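The values are calculated or read from the model by the stated rules, or taken from the named source; none is laboratory data. The model shown is predicted, which means the values in this text are computed figures rather than measured ones. Backbone-built Cβ (ideal geometry, glycine too); neighbour counts: all protein chains shown. SASA here: full protein model, heavy atoms, side chains in, ligands and nucleic acids out. Shrake-Rupley method; radii C 1.70, N 1.55, O 1.52, S 1.80 Å.
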Amino acid sequence: MYRHFEDELEGIKSSVLKMSYHVMDQILSALKALESRDRAMALRTIEKDALIDEMEIIIEEKCAELILRHHPLAKDLRFVLATLKLNGDLERIADLAVDIAQRAMEISEYPQIKPYEDLPKLADTVMKMLKDAVEAFTEKNYETAKKVILSDCEVDKLRDRITIELLQKYIKREPERADIALSLILAARHLERIGDHCVNIAEDVIYMASAKIVRHHHSEF
Amino acid sequence: MLRLDTNKNKPDFSSTEIRDPLNRVHIDVSQQPKIRVRNLDFYYDENQTLKKINMDIYEKKVTAIIGPSGCGKSTFIRILNRMSDFAASSKVRGEISLERRDIFDPEFSPVELRKRVGMVFQKPNPFPKSIFENIAYGLRINGVKNSHEIEQRAVKSLKRAALYEEVKDRLKESALSLSGGQQQRLCIARCIAIEPEVILFDEPCASLDPISTAKIEELILELKKYYTIVIVTHNMQQALRVSDYTAFFLMGELIEFNETKKVFENPSDKRTEDYITGRFG
């Protein structure tokens, strides 16, 4: 019985990992489409979202079945509760990758307005947060999860810098390029929201690892 | 039963903290516990079945005792009303107080103790008498002579045990004609009729079907409004459903004692975690 239960827990963990790799792939693909204004790649990214939606449902069903059959307790209960929550966050991150792909489609017909500087930095920071959040989940690592939460300030700063620059340089001074600038502002906003979901995942990992609920209490770090 | 009274000092009632064997502070409450157990050792012949148990049992709360077979949980609750006195060659050492009164005090008779600390067993054990007599008999041997009072208290107990509506028209029928679940509730009514302060349940649902189990669990939650309850159970979900505090025993030791939510969500001791998650052994 115990061995079967362990296998089921491992199965859920593997599914979450698999889903997270697909989600990372979706973000990278959307960012590449944005950078190269590649409409076809943006479309492929949007189409692949259905696969992630399906994975989310499968993981939720596996968690529900595990609760039903095994009544998990202690660290197993915390694992299932955290997984159910981060499963939703991963799915929302994939939706945001779709949003970025849509922004890529919007700007694909226009020439690039400026060399991207802060946007790649923002993308790198957010991708690192996601990788760390997933690593923290697999290793039940409190410290890595904490690092993810603390990275969120940097993401907010970069998002603000991008917004102010595009607003002042393009939307106010060159209204004819306001559409492109607005799409890029939104793309930065989507990346920042991905960062927020990474923070949620890290909070769930902290609960899973220590039973501490740190949501809304980051100042205690 | 021989009591080894090596510790002449009375238990320290000034502290409101209780520590586990690893000296971690678990509970710090201002309320005085109903029962205090300090440094309790118990032996059958030369075998020590309980080792240095320190634990507080709080008034009008449900305390669940969990642990694998043979860990000493039933032995422990049987000491709380000195049922363990009946075991030959047993020895007890340490302190147990019921509302600050040492239960081993020679002036505290076991009969008086058992009136205040009642017990319900694993298998329903009604007397081979009528439903009514099962309750009336206990009252009579405890000195209640007035038949009107006996009737009143019997009805009140049956109501409190959530059995009255099912048996009110057949109180004169044999108690043995009742179902297992009804018999167990009759035993609870018999226990309640004596007006105890504490009720000890030793796996009360072990021989019952899920519906009868649910009724007994509902009843326990209702009874804690009036009584302090200690329940030994092998069923983790039952401990979670009914108890406020949980104690985990292993090989005669109290490994962990804390609020039930804490024990089942984030136990402090790896042995507790291994047991409740089924990784024991």
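Worth a mention:
- Remark: the stretch B:36-98 is approximated by an ellipsoid whose semi-axes, taken from the C-alpha gyration tensor as √(5λ), come to 19, 13, 11 Å, largest first.
- Contour minus Cα-Cα distance for A:A40 and A:E61 (0.36 nm per residue): 4.2 nm
- Here is how the number arises for the protein assembly as shown: DSSP H runs of 4 or more residues each give -39500 (n - 2.57), the sum is divided by the residue count, and the result at 222 nm is -18000 deg cm²/dmol.
- Within-12-Å neighbourhood charge of B:S212 [Cβ basis; K, R +1; D, E -1]: -2
- For the pair A and B, total buried accessible area rounded to nearest 100 Å², probe 1.4 Å: 1100 Å²
- Treating r as the C-beta distance of A:R69 and B:S174 and R0 as 41 Å, the FRET efficiency rounds to 0.45.
- B:N47-A:A50 FRET efficiency (beta carbon distance; Förster radius 51 Å; 0.05 resolution): 0.20
- Signed unit charges on C-beta, dipole axis of the protein assembly as shown, positive-most listed residue B:S109, A:V199, B:S177: B:S109
- The protein assembly as shown: C-alpha pair distances exceeding 29 Å, %: 63 percent
- Relative pair counts by distance (%), Cα atoms of the stretch A:69-116, 10 Å bins: 22, 26, 19, 16, 11, 6
- Gain on full extension, evaluated as 0.36 nm per residue between A:S210 and A:K32 minus their Cα-Cα distance, stands at 60.3 nm.
- 5 Å binning of all Cα-Cα separations within the stretch B:136-182, expressed as whole percents from 0 upward: 5, 20, 26, 27, 16, 6, 0
- Relative contact order (percent, whole number), chain B, Cα cutoff 8 Å, 6+ residue spacing: 25 percent
- For the stretch A:2-220, the relative contact order comes to 26 percent (Cα pairs under 8 Å, sequence separation of at least 6).
- In terms of its Cα atoms, the stretch A:2-220 spans 65, 40, 19 Å along the principal axes, sorted from long to short.
- GNM remark for chain A: springs join alpha carbons under 10 Å apart, and the peak mean-square fluctuation among A:D204, A:D179, A:D38 falls on A:D179.
- By the rule of a C-alpha distance below 12 Å, with chain neighbours fewer than 8 residues away ignored, the aspartates and glutamates paired with A:K114 are A:E35, A:E165.
- When each of A:K13/A:K157; A:K85/A:K212; B:K60/B:K156; B:K61/B:K215 is checked by Cα-Cα distance, pairs over 23 Å: A:K13/A:K157
- Over chain B: Rg over Rh, Cα atoms, Kirkwood Rh: 0.97
- Summing Cβ point charges (Lys, Arg +1; Asp, Glu -1) relative to the Cα centre of the stretch A:2-220 gives a dipole of roughly 500 debye.
- The stretch A:31-137 shape via C-alpha gyration tensor axes, a/c threshold 1.5: oblate
- Ligands, DNA and RNA left out, the 1.4 Å accessible surface of chain B is 49% carbon and sulfur atoms.
- Overall form of the stretch B:109-205: oblate. Here a/c, set by the Cα gyration tensor axes a ≥ b ≥ c, is 1.5 or more, and a/b is not larger than b/c.
- Residues in the stretch B:254-281 that, when all protein chains are in place, have 40 Å² or more less accessible area than the chain alone would give (probe 1.4 Å): B:E265, B:N266, B:E273, B:T277, B:R279
- The local environment of A:R3, defined by Cβ-Cβ distances under 11 Å, has a net charge of -3 under the rule Lys, Arg +1 and Asp, Glu -1.
- Å² per residue, accessible surface of chain A at 1.4 Å: 49 Å²
- Candidates B:Q31, B:Y245, B:F264 compared by Cα position along the dipole of chain B: farthest toward the positive end lies B:Q31, with charges placed on Cβ.
- Relative to the longest principal axis of the Cα atoms of chain A, the long axis of helix A:142-166 lies at roughly 20 degrees.
- Cα centroid separation - the stretch A:49-126 against the stretch B:122-137, whole Å: 62 Å
- Contact residues in the stretch A:65-103 (at least 20 Å² less accessible area with all protein chains than alone, 1.4 Å probe): A:H71, A:L73, A:A74, A:K75, A:D76, A:R78.
- Of the peptides A:191-199, B:109-117, the order by per-residue mean of other Cβ atoms within 10 Å, starting with the highest, comes out as A:191-199, B:109-117.
- Note on the stretch B:164-281: Rg/Rh from C-alpha atoms, Kirkwood Rh, equals 1.04.
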